[in-house]
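The values are calculated or read from the model by the stated rules, or taken from the named source; none is laboratory data. Fair warning: this is a prediction, and the values are worked out from it, not measured in the lab. Positions of Cβ are backbone-derived with ideal geometry, glycine not excepted, and every protein chain shown enters the neighbour counts. To get the accessible areas, we keep the full protein, side chains included, count just its heavy atoms, and leave off ligands, DNA and RNA. Shrake-Rupley method; radii C 1.70, N 1.55, O 1.52, S 1.80 Å.
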Amino acid sequence: MASPQKKIAVLGGGFCGCCALVQLKEEGGFELVCFEKMDKPGGTWNYREESIEAVASIMPTTVINHSKELGALSDFPPPKEFNNYMRHHELYQHFMDYVKSKDVLKYVKYNSEVMEVRRAKDYKETGRWTVTVKNTISNEVSVDVYDGVLLCVGHINRPKMPHYPGQDLFKGDIIHTHTLKGVEKYQKKNIVVVGMGCSGLDAAAETSNVAKTTVGGFLVRDKRCPWYLSTRSGAHVIRRVGPHGYPFDYTLARRWIFLLMAILPYKWMSYLLENIYLDPQFNRELYAIKPDHHVLYKDPVINDHIHSKFISGSVMQKPDIERFTENGVIFKGDTEVTEADVVIMATGYTWKFPFLEEGIIVKEGDKINLYKLMFPPHLEHATLAVLGFVLPFGPGFPIGELQCRWAAQVLAGKCKLPSEKEMVEDDINKRYNTNILKYARSDKVSVRVDYVPYCDELASQFGVKPNLLKILLTDPVLYFHLIFGPSLSYQYRLQGPHSWDGARNAIMTSKDRMLYPITKRSNPEYHENIFIKLMKKIFKFIFY
């Protein structure tokens, strides 16, 4: 007699939620249901004109920060015609093509807001969870019990708003980038953008095209007066276009580079990246407010336009805001008021799972206790996992997919977690102690990861990490692509559960798909011998 199917609740119908459905369906043996608060799937990439609390938001001009090959799903290469850095609607279309090809949208219940998740009465014996859901249209509330729960609701959806002295006196508008959509309404206005992260630079670049001035994170003015960027700590800005016109991550996210990062001190690797790669493009000494940290110590800031704003005098950096006045702000070190009509806070996000039973996710100071950044270690059963709750130095989609694949194996009973003591001492504490030495302190320092090592870490949990020694002996051409080429998600389908026959070919042809939207043709002259490329790298490292 066949064993009954396990009933699994997936919370959130964004990338991680739908990817979890795909992996659970692929594994088989589950009865699936996904609760999505909005009326469409896609999460962050389902663009909406309105901004909703606790729902991720993007601007109409948002472009993804990783290239299509680095962010590809492991068994679904992007079409060669797609742009390397997809605009949000292109990425959404690719996402929809993926979930439709896997036939998982039938499991999604829309307009369904999760109100409560708590351990069921028989949790100690069964590991089951009680999930309460409200239909946002009818307000009907339903309660059901599930054998497993996957939390896929993201962590970039609750704006963090600072408060400055005199802020209550300010007569203008103060908003967060979470609510920033079109910029037409900011024409002829003086705008302050506070913060120099990705959203801050995007906001400054966009509003600078129409505003009279922008202050705070940036002050943007018309051609008759400079624009100012207010930043507390500065930032290292990376452009999407890398060496030879290739996507920057296609050039940098390579296994051999991450191996060097594991061998050499992090400070040395930051120094090399700053001096060999970033400074030749725009020397950090030219910034009015120089970065007070090394490039690998914080999230990379991706922007293609701000350097041209600096070099043309269109944008000038300023220090942090000291205080607000009725009609503007005063920067630290200034005595005069800089007038402002609107202040846009690009000050990041905090995280919260208000529906989750208290004590499930334990936070000690800035340490978040999750085994492999997924499983609460103190629970008696591995039937609840948090997916996508990471801050990677590299693309996030392959990481999210690997988390979904491993979670499916755990829920299927094919992978076991270590004891609570091992999870805490060998992973959570060790990762935290390493991270506070490597990265700048923040409330999310414990969930920061380096792309390749963390992918390998997850892949090794369920047998899909490529056996590099075996590949070297049996397929040296593939081996050199894995070591010296871009680190692509397809490598995690070469072996193990649900391997894919097309994985090797996807790796070998990735450059064709990367080049095609630029050249509009497949051109063999771009394919340089890998050994010649390696020698060039060595000479460049020594002499450039």
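Tabulated values for the structure
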{"item": "Strands (runs of 3 or more DSSP E) (entirely within the range 312-368) containing at least 1 residues that are in contact with a Phe, Trp or Tyr (Cβ under 7 Å, 6 or more places away or on another chain) and open to solvent by less than 40 Å² (accessible area, probe 1.4 Å)", "result": "315-318, 321-325, 342-345"}
{"item": "Given (1) in contact with a helix residue (DSSP H, G or I) (Cβ under 9 Å, 6 or more places away or on another chain); (2) in a loop (DSSP other than H, G, I, E, B); (3) of a type in the set (A, V, I, L, M), number of the condition ALA54 does not satisfy", "result": "(1)"}
{"item": "Verdict on GLU339 being out of contact with any Cys (no Cβ under 9 Å at 6 or more places or on another chain), among the acidic types (Asp, Glu) and modelled with pLDDT of 90 or more", "result": "no"}
{"item": "Count - residues of the range 457-476 that are surrounded by fewer than 20 Cβ atoms within 10 Å (Cβ to Cβ), assigned to a helix (DSSP H, G or I) and free of Cβ contacts under 8 Å to residues at least 24 places away in the same chain", "result": "7"}
{"item": "Options VAL452, VAL464, VAL477; residue that is of a type in the set (Val, Ile, Thr), touching a Gly at 6+ places or on another chain (Cβ under 6 Å) and at pLDDT 95 or above", "result": "VAL464"}
{"item": "Test set (1) touching a helix residue (DSSP H, G or I) at 6+ places or on another chain (Cβ under 7 Å); (2) within 30 Å of PRO165 (Cα to Cα); (3) small (Gly, Ala, Ser) - SER270 fails condition number", "result": "(2)"}
{"item": "Residue list for the range 89-102, filter: in contact (Cβ under 8 Å) with a residue 40 or more places away in the chain and either under 11 Å from VAL145 (Cβ atoms) or surrounded by fewer than 17 Cβ atoms within 10 Å (Cβ to Cβ) (or both)", "result": "HIS89"}
{"item": "Residue match in the range 222-232 (condition: at pLDDT 80 or above and among the hydroxyl-bearing types (Ser, Thr, Tyr))", "result": "no"}
{"item": "Unique match (being more than 25 Å from the chain's Cα centre (by Cα) and under 21 Å from LEU259 (Cβ atoms)) among PHE480, PHE484", "result": "PHE480"}
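Matching residues to (1) assigned to a helix (DSSP H, G or I); (2) among the hydrophobic types (A, V, I, L, M, F, W, C); (3) within 16 Å of GLY71 (Cβ to Cβ):
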site: LEU482; (1), (2), (3): yes, yes, no
site: TYR490; (1), (2), (3): yes, no, yes
site: HIS498; (1), (2), (3): no, no, no
site: ALA506; (1), (2), (3): yes, yes, yes
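Matching residues to (1) buried (at least 19 other Cβ atoms within 10 Å of the Cβ); (2) out of contact with any helix residue (DSSP H, G or I) (no Cβ under 7 Å at 6 or more places or on another chain); (3) not in a helix (DSSP H, G or I):
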site	(1), (2), (3)
LYS416	no, yes, yes
THR434	no, yes, no
ARG441	no, yes, yes
VAL449	yes, yes, yes
